[in-house]
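Everything on this sheet refers to the single structure shown next.
The values are calculated or read from the model by the stated rules, or taken from the named source; none is laboratory data. The structure displayed is predicted, hence computed values, not measured ones. Counting neighbours? That spans all protein chains shown, and the Cβs are built from the backbone with ideal geometry, glycine included. Quick note on the areas: whole protein, heavy atoms, side chains included, nothing else; ligands and nucleic acids left out. Shrake-Rupley method; radii C 1.70, N 1.55, O 1.52, S 1.80 Å.
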Amino acid sequence: MQSPPKSPKQSFTSIKFQEPTRENSHSSLFGESSKSNSQASVSKLLNVETRPSHRKGHHHRHSLSHQYFLPPKNRKPLSFPATYPIPTLTETFSILTWRQKLKLSSSLLFFFASVFVFLSGDATVLLSLSCSLIVEGVLIILNVWRETLDCFVVWRRTSLRYPFGLQQIELLADFAFSILLLFLGLNLLKEPAEHAIEDWGNIQHSEHAGVEGAHIQSIFSISVALLLSGGALLFDRSHIHSQRLDSRFFHGLTFVPSSILFVLRSVGIQVGSLVSHIFAISIAVTVVIVGFSIAKSLAMLLLLTYSSKEKVLQCVSLIKEDSRIEQLNSATIWQPHYNTCIANISISVRGSEREQISIREDVTKIIQKTVGSIFGTGVQPKWEITIDIQRI
């Protein structure tokens with residue numbers, strides 16, 4: 001048997017590493033740079049900052065999606081000045097109109113006429129007419145002063161020093177005027193009482209002796225008071241800011257008794273001490289009642305309260321009767337000025353936002369209807385109502 005042929009021996013060759021040529025080096029560097037460029041482009045795509053305009057739904061400037069992402073605008077707080085310049089006497093007199101100057105001069109006539117009427121006789125009715133003429137003159141000055149200061153900014157504008165304006169000083173002036181009315185009215189009530197005590201037992205003698213001569217001499221003074229008060233009542237067109245402080249009422253308070261006395265003296269009827277005391281007491285009682293009512297109401301305003309407690313209680317009860325209101329936490333109603341009222345209400349309710357809006361409107365209507373102003377001429381004052389609603 002023949003043996004299988006032997007396979008020839010395989011020769012192993014060695015592999016030599018050659019240095020890269022210039023072409024091979026360029027190709028390898030280009031490959032590495034392309035890899036680095038691709039990595040850089042990927043990192044840029046990952047780290048890119050997208051703008052809101054690039055997002056979907058933000059292509060339009062007035063899109064609704066802007067309203068959900070934009071923060072609210074920064075609003076500046078309301079700036080209130082510390083105070084406004086207060087006018088001086090020179091500035092006040094410089095803006096007076098010819099009508100206001102005429103009113104001031106007429107007030108001086110009232111003061112001179114009051115002195116003349118007081119010195120024309122010793123009857124109590126002459127003293128009453130003299131006091132009423134003084135009241136008319138003072139009221140004319142107050143009205144002119146009020147109309148003049150209303151032309152300045154400090155009178156009505158709000159500032160840190162005067163939150164309700166300088167017009168709140170008007171309350172102090174009117175309160176002082178009411179004190180003057182009380183003083184004069186009580187003084188007039190004292191005079192007839194003293195005369196009655198002095199004339200006790202000899203009334204007939206006093207009527208025929210000296211009182212008749214005094215009344216005969218006083219007919220000219222009565223006519224002076226009648227002309228002044230009648231002219232003021234006819235031509236007075238001042239702004240009425242309060243029913244109880246109407247200047248026409250005080251002009252009529254002098255005009256009515258003066259006209260009655262003038263008619264009686266013109267007919268020839270003698271006016272004795274009894275009739276004089278009746279006229280004096282009627283004028284005095286009227287002045288005291290009006291002065292006390294004004295002083296009481298203004299004292300409540302100066303104490304930052306509301307003068308009508310019945311209306312406040314009625315308003316509170318109507319708010320509590322609403323079934324949608326769970327609890328009335330607090331209710332503060334006050335009037336700092338004639339034409340300004342403030343109400344601060346705090347309530348607790350259950351319900352949605354629509355129900356809260358309707359409750360707020362209903363409470364505002366209740367306050368405006370039930371709680372009326374003591375002062376004014378039928379015009380509702382300006383209400384500043386704040387309603388704090390707490391949801392349970």
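Tabulated data for the structure shown
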quantity	calculated
So Ala284, is it at pLDDT 85 or above, surrounded by 16 or more Cβ atoms within 10 Å (Cβ to Cβ), small (Gly, Ala, Ser) and in contact with a Leu (Cβ under 7 Å, 6 or more places away or on another chain)	yes
Number of positions in the stretch 311-333 that are more than 22 Å from the chain's Cα centre (by Cα) and within 30 Å of Gly252 (Cβ to Cβ)	0
Unique residue being open to solvent by 10 Å² or more (accessible area, probe 1.4 Å), of a type in the set (Asp, Glu) and part of a helix (DSSP H, G or I) when the list is Glu136, Glu147	Glu147
Flag if Ile283 is closer than 26 Å to Ser221 by Cβ, without any contact (Cβ under 8 Å) to a residue 24 or more places away in the chain and assigned by the TED database to the domain that holds Leu181	no
Close pairs from the stretch 119-138: first under 20 Å from Glu194 (Cβ atoms), partner among the small types (Gly, Ala, Ser) and not in a helix (DSSP H, G or I), Cβ under 6 Å, at least 6 apart	Ser120/Ser218; Gly121/Ser218; Leu126/Ser218
Residue match in the stretch 115-124 (condition: at pLDDT below 90, in contact with a helix residue (DSSP H, G or I) (Cβ under 9 Å, 6 or more places away or on another chain), hydroxyl-bearing (Ser, Thr, Tyr) and not in a loop (DSSP other than H, G, I, E, B))	yes
Residue tally, condition within 50 Å of the chain's Cα centre (by Cα) and on the phi > 0 side of the Ramachandran plot, over the stretch 265-294	0
Which listed residue is more than 28 Å from Ala123 (Cβ to Cβ), of a type in the set (Ser, Thr, Tyr) and touching a residue at least 24 places away in the same chain (Cβ under 8 Å), from Ser330, Ser308	Ser308
Enumeration of residues in the stretch 92-118 that are free of Cβ contacts under 8 Å to residues at least 12 places away in the same chain and open to solvent by 60 Å² or more (accessible area, probe 1.4 Å)	Phe93, Ser94, Thr97, Trp98, Arg99, Lys101, Leu102, Phe112
Residue check, Lys309 closer than 20 Å to Phe177 by Cβ and of a type in the set (Lys, Arg)	no
Residue selected from the stretch 248-271 under the condition crowded, with 20+ Cβ neighbours inside 10 Å and at pLDDT 85 or above, by the criterion farthest from Leu184 (Cα to Cα)	Leu261
Criterion (outside any helix (DSSP H, G or I), modelled with pLDDT under 85 and open to solvent by 20 Å² or more (accessible area, probe 1.4 Å)) met by exactly one of Leu304, Leu245, Leu274, Leu328	Leu304
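Residue-by-condition table, conditions (1) assigned by the TED database to the domain that holds Ile278; (2) without any contact (Cβ under 8 Å) to a residue 40 or more places away in the chain; (3) exposed (fewer than 15 other Cβ atoms within 10 Å of the Cβ):
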position	(1), (2), (3)
Cys151	yes, no, yes
Val154	yes, no, no
Thr158	yes, no, yes
Tyr162	yes, no, no
Gln168	yes, no, no
Leu171	yes, no, no
Gly185	yes, no, no
Lys190	yes, yes, yes
Ala193	yes, yes, yes
